[in-house]
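Read-outs: derived from the displayed coordinates by stated rules, not from any lab. In this text the structure is predicted, and so the values were computed from the model without any measurement. Here the Cβ is made from the backbone with ideal geometry for all residues, glycine too, and neighbour counts use every protein chain on show.
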Amino acid sequence: MTTAEGGMLVLDDDELARTARLLTLHAISSDAWKRNSATGSPHWQLHLPGVHMQHDDVQAALGLHQLPKLDAYTDRRQHLSTLYSAGLSGLDRLTPLETIRPDDRHARHLFIVAWRKAPPKRNGTGYWPTFAPKASAPASTSAACTSSRSTGLPPAHAYRHLPVATSLSQRILSLPLFPTMNERDVEDVVDALWKTEA
């Protein structure tokens, strides 16, 4: 499901939930409602480096409207993922990155695969690289990120020598996967990937 941008985090750990709420509000200790209420205090503390990642009311309305469809979306994505897994079984140069544990119900937001070696040309299929290593990002070498004191995170140079991440970033890709796909769409993608084996 979508809320135009962003999403929902559901947790069964109260402490982790408090930390998540804190991080979505610039990591300050008190939101505007609490600071400006009759019993609130205008004072707040910055506990961690955080960002502003809250839904607005319009995004929340979109999400609430789609919640009743979530189970059907998840079931459909799981079905399509099963077709992908079966169709790609035996394709030696490609490995689906399976992350499902027996008791999990995965949302299957993405279907990620990895080429064993460098990927071939696209051959008309809309697959694309999915992740880039932090070490290659311009932000990782910017002045703002070079000091662990300013961010609370490891310094940028700690990310610069990651051979596994760098190798994977060049070989993993995301296959098309969305609830309105049909079985023929999956077959077309699988057929195009098998043609790379020839």
Gain in span if fully extended, Ala61 to Thr166, counting 0.36 nm per residue against the direct Cα distance: 33.9 nm
Order by protection proxy (mean Cβ within 10 Å, highest first), peptides 169-179, 61-71: 169-179, 61-71
